[in-house]
1. Enumerate the amide H contacts of Val680 below 5 Å, restricted to partners 5 or more residues apart or on another chain; note that Pro and chain-start residues carry no placed amide H.
2. Hey, got a sec? Which chymotrypsin sites (Phe, Trp or Tyr not before Pro) in the range 132-221 land in a DSSP loop and have at most 10 other Cβ atoms within 10 Å?
3. Need one value: the accessible area of Lys112 in square angstrom, 1.4 angstrom probe, rounded to the nearest 10.
4. Report the percentage of all Cα-Cα pairs in the range 658-780 whose separation exceeds 21 Å, rounded to a whole percent.
5. Which of the following values of log10 I(q)/I(0) by the Debye sum over Cα atoms at q = 0.09, 0.11 Å⁻¹ was calculated from the structure shown: (1) -1.02, -1.20; (2) -0.87, -1.10; (3) -0.92, -1.24?
6. What does the accessible area of Trp387 come to, in Å² to the nearest 10, when a probe of 1.4 Å is used?
7. With each run of n ≥ 4 DSSP H residues scored as -39500 (n - 2.57), what mean residue ellipticity at 222 nm is computed for the chain after dividing by its residue count and rounding to the nearest 500 deg cm²/dmol?
8. May I ask you to list the lysines whose Cα is less than 28 Å away from that of Lys120, ignoring any residue fewer than eight positions away on the same chain?
Amino acid sequence: MASVSPLPVEALRRVCDASQFGFSTTAELEPLEDTLGQARALEAMRFGVGVRHQSYNLFAFGPPGTGKHTTVLQYLKKQAQHEEVPSDWVYVNSFADPHRPRAIRLPVGRGKKLSDDMEKLIEELRASIPATFDSEAFRQRKQSLSSEFEHQQEQAFEELRVQAKEKGIALLRTPLGLTFAPVRGEEVIDPEEFSKLPEADQKRIQKDVEALQERLQEVLQQVPRWEREQRRKLRDLRREVTRFAASHLIEDLRSQYVDLPDVIEYFDEVLSDIVENASQFVQQAQAGPQPEAPPGLPQPMPPGAAPGPGRRYLVNVLVDRSALTGAPVVYADQPAYADLVGRVEHVSQFGALVTDFTLIKAGALHRANGGYLVLDALKVFSQPFAWEALKRALRAGEIKIESLAEKMSLVSTVSLEPEPIPLSTKVILVGDRRLYYMVSSLDPEFDELFKVAVDFDDRLDRTDTAVAQYARLVASLAQRENLKPLDAGAVARVIEEGSRLAADAHKLSTRTASLLQLLRESDYWAGEAQRGVVTTADVDRAIGAYLRRGDYIRERMQEEIRRGTILIDVEGAQEGQVNGLSVVDYGGRLFGRPNRITARVRMGKGEVVDIEREVALGGPLHSKGVLILAGYLGERFARERPLSFSASLVFEQSYGGVDGDSASSAELYALLSALAEVPVRQDLAVTGSVNQRGHVQAIGGVNEKIEGFFDVCSQFGLTGNQGVLIPAANVQHLMLRPEVVRAAAEGRFHIYPIETVDQGIEILTGVPAGERDGQGAYPPDTIHARIDERLARLAEHAKQFALAARGERSV
């Protein structure tokens, strides 16, 4: 098998040559207007926005920092400029059922105008109606009705008095009411004199009094009817006078809204209600000035009372589009239930909570109606009932304002049921990829309502064209943030860091949040150095300072290795002991650290014990990697006989969970070393997963893992023999720190690309791995031959023990 050579220096870091740029600083570059590296996402956005069918809402997802919110909002705002401004919406009082306010759609800008016109109408009615009722003409007509009633009463009583007088009887008024009494001449006959009259006269007088009394009762019974008639005529008079005072004012408004039938119908209802409730204007005028309402609230009203004469005719402008030049684009950063669908507010007055249609407030769906609504998906799912309310509105195609407290029977306050408003809007949820797939699998309605997936990528190919565009992106961000321009060298260094962030030498990171942070901090260090242009040194200092600020835990671990608290050997050789590499991730910061992995072998039945799994510290992926080792050993050494050993594997001084299969190759090397009884070089570290055929597979965090072992070796002193074995498939991902590259260039540190376990074990032990010959035997003095011989001895020992246990001996 051909030996594996260390990687050349140019393979360890893909350097960006600043001489390829045709500019001195980014101030010379045109800003990049398009979103870089998101062709798939923009294509999905165009499709989702262009499809005008219900339920084609969008979910934009991708890794954090890729500019999802910014890209979505910029695209929607650009698209919305070419679209029609949607209608205004207002709520008005429903006079027939005040608990169900009416919604009216109005052309753009007409909602505010209608509100202003109605306020002016109210002010004019407050003056004109009381003035009309206080006019001389009204008082005369009212007095005429009163005189007519009095004359009618007097005429009836006068006729009765004449009838009584003709019969010698007088109609008298007493404290107890009207009564009849006999008279002689002008004098009333007292009872004593009446008793002296002849009996025939007494009977005649009594009969006449009884008849007159019946006639009096008939007259008295007609009085309430006359009073009702008088009140009816008075009401008709008031209606007539009120209609005369209000109709011409409302007719002036009608002429301005003839093209809006709903508004004309509303004006008819307003006029009818004014006519019926004119007395309230008079009472308000007589009561004098009312208490001022708090700023932003309508005039207060007594608890339990219907809206006052001014308040009940107001127009509540729910959505005013007069300031828009295109379709609305709304980003709701707090999508709680009421913030989405709107709410009905209450005002505390005299110890009670009261409300009316003027206290209906718009939600994000109202403001975005006819346009686009952008929501943070995680916040929507986190707010109680917000997701259900959003789905209900999208399914029904209308926005219905409902009190959540009333629906849950938490309060008994009387509220309103506003008329629903038709909904026509595109909703765009923004979140991460995991959230998208989780909701898609758990909520069957999700895919019906959000049919368009807008998938943002966090990387793009590092081609010459992409590098040029990346430079323009750097220029755009610097100009947008008012940062100092960058020279060509600084841009080249930023591009290299873009590949480092992408963890791939042939890719560039599209996480603009991280890129912008680097530019801001580089600008700061350029300012500290009193430079007007950001240079390579400023970018390097920004990167170093960022690492330094979050380097406490890594430094502590390195210190403990240097002091011997954590045992890591970087020289010599040990049997069954390998330096594995892992990545520590805390707060989004990654660093590599070596771990001592040991294997111990004894006679047994082919079991490989994963100590991490046995004590519940090993994750499922790590356990899978250990089981793969057993499969590899079985295929390699137990084709025709059982494995006669037991082994134990452990991460030494590991006190937390271990997961992932990137250490499986290191565990296999330790196991092979223990079986072959051949020591392993401790000046080398290993990373990579392995399959059952012995192929070494790619892993993540390769740069951090290499640098972690490099840092350990550096603090003990580089000997020129130290290095790291990595999967050959990871070579394309290498973007190592400059100091690691320099050490490799000077021959003080080496990176070996490994394709198979056989290659790795040869480098680690200096002993050939060995391949089977035609008879299935391994060449002598090879790793595999030694393992085969060891397994044969263990099998023989196991056989002898078994025979001895049965009292037999081998022949």
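1. Gln574, Glu575, Gly576, Gln577
2. Counting only loop positions with at most 10 other Cβ atoms within 10 Å, none of the chymotrypsin sites (Phe, Trp or Tyr not before Pro) in the range 132-221 qualifies.
3. 90
4. Working: 3046 of 7503 pairs.
For the range 658-780, the fraction of Cα-Cα distances above 21 Å is 41 percent.
5. The value matching this structure is (1).
6. Result for Trp387: roughly 30 Å² accessible.
7. Value at 222 nm, helices only: -15000 deg cm²/dmol.
8. Within reach: Lys112, Lys361.
The values are calculated or read from the model by the stated rules, or taken from the named source; none is laboratory data. Everything quoted here is computed from the prediction, not taken from an experiment. Quick reminder, even Gly has a Cβ in these numbers, built from the backbone with ideal geometry, and neighbours come from all protein chains shown. Surface accessibility is based on the protein's heavy atoms, side chains included, excluding ligands, DNA and RNA. Shrake-Rupley method; radii C 1.70, N 1.55, O 1.52, S 1.80 Å.
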